[in-house]
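Okay, structure first, notes after.
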Amino acid sequence: MKKEMTAFDVAAITSELQGVCGGFLDKIFHWEGRNVLIRINVQGEGKRELLLKDGRWLHLVADRPETPDTPSGFAVHLRKVLYNTRILSVRQQEFDRIVTMDLASKEGAYQLIFELIGDGNLIVVHEGKIINALEQKKWRHRDVLIGADYSYPPSRFDPRTASAEDFQKAVLTSRSDLVRTLATSVNLGGQYGEEICLRTGLEKGRKALTASPEEVAALRSATLSLFHELGSPSPRLVLDGEDVVDATPVPLMVNGHLQAQEMPSLSAALSAFLARRREDEVKVDAELERLRRQLDQQLKGIEATEREAAELQAQGDLLYTSYGDVSLTLERMLSLSRSSNWERLKEQGVKVPLVTSVEPQRKSFTMKVGEADVALDYTVSIDENANRLYTQAKELREKTAGARQAMEETRKAMEKRVAKGAREAALGKDKAAPTKRFWYESYKWFFTSGGRLVVGGRDAKSNDQVVKKHLGDRERYAHADLHGAPSIVLKDGMDASEEEMREVCQFALCHSKAWNAGAAEGTAYWVLPDQVSKRPEAGEFAPRGAFIIRGKRNYLHHLPLRMVVAEVQVEGSRKIACAPWESLQGRTERYAVIVPGKTPRGKASASLARAFQVPEEEISRILPPGDMEISELHGMEME
């Protein structure tokens, strides 16, 4: 299953984001470490929302995810400095997984830089200086620290702009097989490296250096053709049976044996992929997850080392392309060092043209050579400096050979672990599979004995949503008349029976503070839609998530605080529901009765999850808000 966006995905998303250029930043939300939602006002289109998810996924969303009521410090700062800034451009940094959003305001030029590499980062830059970042960190080649000048990671090979000679050199100087060479040296990534091998008909496992000039030309032609397809994208959501496995900007041959669903945009495909991925996640194998993290770290380490080696190699080449300037600067610095102490050398050295810094104690200085900053030893010749850079690059490349061997061992360990998991699954040992997810599960929910859907708020925000989105003329509204109790809406409830209204009011009561209080019974009411208002009159106040009820309330008394957790069928799919018994009668043979009690909610949730063989999150989301006891079991056993 896809773990992160590829550089191809980033290129396609950058193209889609051209539609927000000219828009203005509105609110910014941040939660759970590396999740950021940016609301954008686009003239003629209204509000668009850009989501950075888990630091690794960047796309536009149609449905806003749940965001915290209280903004984080990061969000507060971004709202303060970026509110109403105008989007000038959105661009990909070369062929890397980095997107830069250029912004303009009265205070000057800003940039939002989405680095989808590593664990992901969002960096805020003002006039070239970093003013905030999700993560601050130092690397050998750059610092991402508040107050530092921002610089992109070292450039990698760009297959879109590389000449035929450079492409051939990248392939034929590799010691690896063809697919790994395309993935790393040509910077296509594993999936697209395999795609190019398939499109050219070349064996992916053969040594890259054995490719003929004609075969290299075919590889380059297929690569450029793939980039051309990005100009007219045809995004796909890729499924293996019922499991979602990929989202791609164009159809791929590597996915030819799988189902591919056409999507209107890559953003829509990624939204569907990420939503379905959460549904498809099963109980995590801790050892397999550790191996996956290890493999990911090994791959990133190899990529970083190869980047550094390429940078050092390029610096060595630059010394010869700027031979005159470098040679003259070396002579001047050597002469200055012979007539100066360390302090004066540092002071006078930076006055030499192209010199940016001096470290006398190391007998070195840094100078601008082309666009690069190159550290040189002023006591040796230009050839010796170049050889030092070439040697360092060679040592780093040799270092990756051992790292690749370790990575291969990790792959084999993962394959063994996956095979073991498959055997256990075949024996029925791993049964905690999630059930199909429906739209209404973002709320509290159940179906009445008459088959009508009931939805209720989980918090202040969803309380607002459930009324604004779902309380129409044909619906009914229920509430427990306790502070903080959820708003409950009975869909198509105009013709609901008295028994159904009792079920709805019991559901409202059980999800209120009455459950926490340990009560045995209580009272709730229902009203018509036009009695529910968010507009207070003089002397009234309605906080977020609360509503003002006007007119007669239809109270129902002596409602039991008692719920049933049961296995039911919903639209042909197995689901676990939590509802009043009357709504489930005749629809289930496996169920547990719960009442307020002293067993911690988490412990009860875990026990029920094991009994129903579903992830604990599915049970936790449907239970009432407090401790409980499992008073009865029918058709099932518990540990």
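If you filter segment 109-131 down to residues that are among the small types (Gly, Ala, Ser) and surrounded by 15 or more Cβ atoms within 10 Å (Cβ to Cβ), you find that the one that is nearest to Leu82 (Cα to Cα) is Gly120.
Looking at segment 522-529, can you tell me whether even one residue there is in a helix (DSSP H, G or I) and of a type outside the set (Val, Ile, Thr)?
Yes: one or more hits.
For segment 494-516, filtering for residues that are surrounded by 24 or more Cβ atoms within 10 Å (Cβ to Cβ) and either among the β-branched types (Val, Ile, Thr) or closer than 16 Å to Pro529 by Cα (or both) leaves 2.
When Val125 is tested against (1) in the same structural domain as Asp246 (by TED's automatic domain parsing); (2) farther than 23 Å from Leu299 by Cα; (3) not basic (Lys, Arg), only condition (1) is not met. I need the full set of residues from segment 226-252 which are part of a loop (DSSP other than H, G, I, E, B) and of a type in the set (Ser, Thr, Tyr), in order please. If the condition is that a residue be part of a loop (DSSP other than H, G, I, E, B) and of a type in the set (Ser, Thr, Tyr), then Ser232, Ser234 are the ones that fit.
Considering Arg388, Arg404, Arg423, Arg362, which residue is at pLDDT below 90, under 20 Å from Thr305 (Cα atoms) and basic (Lys, Arg)?
Working: Arg388 fails: at pLDDT below 90; Arg423 fails: under 20 Å from Thr305 (Cα atoms); Arg362 fails: under 20 Å from Thr305 (Cα atoms).
Exactly one residue qualifies, and that residue is Arg404.
I'd like to check which helices (runs of 4 or more DSSP H) are fully inside segment 579-639 and have at least 1 residues that are of a type in the set (Lys, Arg) and surrounded by fewer than 20 Cβ atoms within 10 Å (Cβ to Cβ). Please lay out each step first, then the result.
On the way: elements: 581-584, 601-612, 616-620.
Answer list for segment 579-639: 601-612.
Looking at Leu134, Leu219, Leu230, which is the one that is within 31 Å of the chain's Cα centre (by Cα) and buried (at least 19 other Cβ atoms within 10 Å of the Cβ)? Checking each option against the conditions leaves just Leu134. Taken over segment 548-568, the residue count meeting the criterion of being in contact with a Ser or Thr (Cβ under 9 Å, 6 or more places away or on another chain) and assigned to a strand (DSSP E or B) is 11.
Answer with yes or no whether Arg553 is charged (D, E, K, R), under 27 Å from Gln465 (Cα atoms) and in contact with a Phe, Trp or Tyr (Cβ under 7 Å, 6 or more places away or on another chain). Full working, then the answer.
Numbers: charged (D, E, K, R): yes; under 27 Å from Gln465 (Cα atoms): yes; in contact with a Phe, Trp or Tyr (Cβ under 7 Å, 6 or more places away or on another chain): yes.
Yes: the conditions hold for Arg553.
I'd like the residue in segment 22-64 that is basic (Lys, Arg) and not in a strand (DSSP E or B) and, out of all such residues, is nearest to the chain's Cα centre (by Cα). Quick ask: steps written out before the conclusion?
Here is the first cut: in segment 22-64, the residues basic (Lys, Arg) are 27, 34, 39, 47-48, 53, 56, 64.
Add one more test, that the residue is not in a strand (DSSP E or B), and what stays is 34, 56, 64.
Details: Arg34: 8, Arg56: 4, Arg64: 14 Å.
Among residues in segment 22-64 that are basic (Lys, Arg) and not in a strand (DSSP E or B), the one nearest to the chain's Cα centre (by Cα) is Arg56.
Close contacts from segment 260-272, counting a first residue that is in the same structural domain as Val244 (by TED's automatic domain parsing) and a second that is among the charged types (D, E, K, R) and part of a helix (DSSP H, G or I), with Cβ to Cβ under 8 Å and a gap of 6+ residues or different chains, come to Ser265/Glu16; Leu266/Asp9; Leu266/Glu16; Ser267/Glu16; Leu270/Asp9. Could you give me the residue pairs with C-beta distances under 7 Å whose first residue belongs to segment 591-617 and is free of Cβ contacts under 8 Å to residues at least 24 places away in the same chain, whose second residue is of a type outside the set (D, E, K, R) wherever it lies, and which are 6+ apart or on separate chains? Sorted first by the residue in segment 591-617, then by its partner, the pairs are Ser605/Ile619; Ser605/Ser620; Ser605/Leu623; Glu616/Ser605; Glu616/Ala606; Glu616/Ala609.
When you go through Arg180, Arg206, Arg175 one by one, which is the residue that is surrounded by fewer than 20 Cβ atoms within 10 Å (Cβ to Cβ) and either free of Cβ contacts under 8 Å to residues at least 12 places away in the same chain or out of contact with any strand residue (DSSP E or B) (no Cβ under 9 Å at 6 or more places or on another chain) (or both)?
Arg180
Of the listed requirements (1) surrounded by fewer than 19 Cβ atoms within 10 Å (Cβ to Cβ); (2) within 23 Å of Ser265 (Cα to Cα), Pro71 misses just one: (2). For segment 456-497, a tally of residues being modelled with pLDDT of 95 or more and assigned to a helix (DSSP H, G or I) returns 0.
Can you find a residue in segment 552-562 that is over 28 Å from Ala460 (Cβ atoms), of a type in the set (A, V, I, L, M, F, W, C) and surrounded by 12 or more Cβ atoms within 10 Å (Cβ to Cβ)? Looking for residues that are over 28 Å from Ala460 (Cβ atoms), of a type in the set (A, V, I, L, M, F, W, C) and surrounded by 12 or more Cβ atoms within 10 Å (Cβ to Cβ), one finds none in segment 552-562, hence no. Only residues that are closer than 16 Å to Arg175 by Cα and touching a Phe, Trp or Tyr at 6+ places or on another chain (Cβ under 8 Å) were counted in segment 203-219, giving 1.
The values are calculated or read from the model by the stated rules, or taken from the named source; none is laboratory data. Not measured: the values here are computed from a predicted model. Ideal geometry is used to build each Cβ from the backbone, glycine not excepted, and the neighbour counts take in all protein chains shown.
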